[in-house]
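Notes to accompany the following structure.
The values are calculated or read from the model by the stated rules, or taken from the named source; none is laboratory data. Source: prediction; values computed, not measured. Quick reminder, even Gly has a Cβ in these numbers, built from the backbone with ideal geometry, and neighbours come from all protein chains shown. What goes into the accessible areas is simple: the full protein's heavy atoms, side chains included, and nothing from ligands, DNA or RNA. Shrake-Rupley method; radii C 1.70, N 1.55, O 1.52, S 1.80 Å.
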Amino acid sequence: MLLGRSRADYVCAFDARTDSTGWLPQQRVAAHPLDPTPPLAAWLGTWRYYDDKIVLKRAGEILGAEGEAYWPGKNVMPANEGAFAGTAKPAGNRLHFGDGAPGCEVDMALAGSFLVVTDNHGCGGHNVSFSGIYTRRGQQAR
C-alpha cells in the first residue's frame, strides 16, 4: 500500500492488489518509512501500469531504461504510442531521464514496491503519458 496526503484523521492510500485509491482512518494504518537511498538492485525489473511498461536494467553504476506507453490503451485501435530510452544515475530514491532539451523528460521515485512516475507529456502521441504508479512484474516481482 502506498500512502499519500492526509486530512483530519484520514490518509489517502493506494492498494495495487485492487488497483484502488481511497481514504483510510489514520489509526488503522501502520506507515513504514521509505528507503531514502535504495540500492541499484531495488530499481531493476519490468514495471507496469496498465498497458504501459518501463524496463530498468543495470549498466555499471547507472540504470538503463526503456519505456513504452499507449493512449487510450495498447489494444484500442488506433492507439497513440510513446516511448523513451536512456541512462541515468539515481539521486537517493529519485531518478531523472532526459537532457533538459525540448523533448521527453521522465521522473521516477522508488517508494518501496512502487515506482511513481511523472513526465512532461512530451514522450509520444496525443494524450500519451508515462505518469502513474507502477508495480514490478516478472522475475523481480515480490
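Observations, loosely collected:
- Failed item, numbered, when GLU68 is tested on (1) closer than 17 Å to ALA16 by Cα; (2) of a type outside the set (Val, Ile, Thr); (3) open to solvent by 30 Å² or more (accessible area, probe 1.4 Å): (1)
- Filtered residues of the stretch 29-64 (kept if in contact with a helix residue (DSSP H, G or I) (Cβ under 9 Å, 6 or more places away or on another chain) and open to solvent by less than 20 Å² (accessible area, probe 1.4 Å)): LEU56, LEU63
- Under the condition of being open to solvent by less than 60 Å² (accessible area, probe 1.4 Å), in a strand (DSSP E or B) and not small (Gly, Ala, Ser), the residues counted in the stretch 72-127 number 12.
- Tabulated pairs, the stretch 18-42, first at negative phi, second in a helix (DSSP H, G or I) and open to solvent by less than 60 Å² (accessible area, probe 1.4 Å), C-beta under 8 angstrom, 6+ apart or interchain: ASP35/ALA42
- Cβ pairs under 9 Å, 6+ apart, first in the stretch 1-14 and closer than 16 Å to HIS32 by Cβ and in contact (Cβ under 8 Å) with a residue 12 or more places away in the chain, second open to solvent by 100 Å² or more (accessible area, probe 1.4 Å) and outside any strand (DSSP E or B): MET1/ARG17; ALA13/MET1; PHE14/MET1
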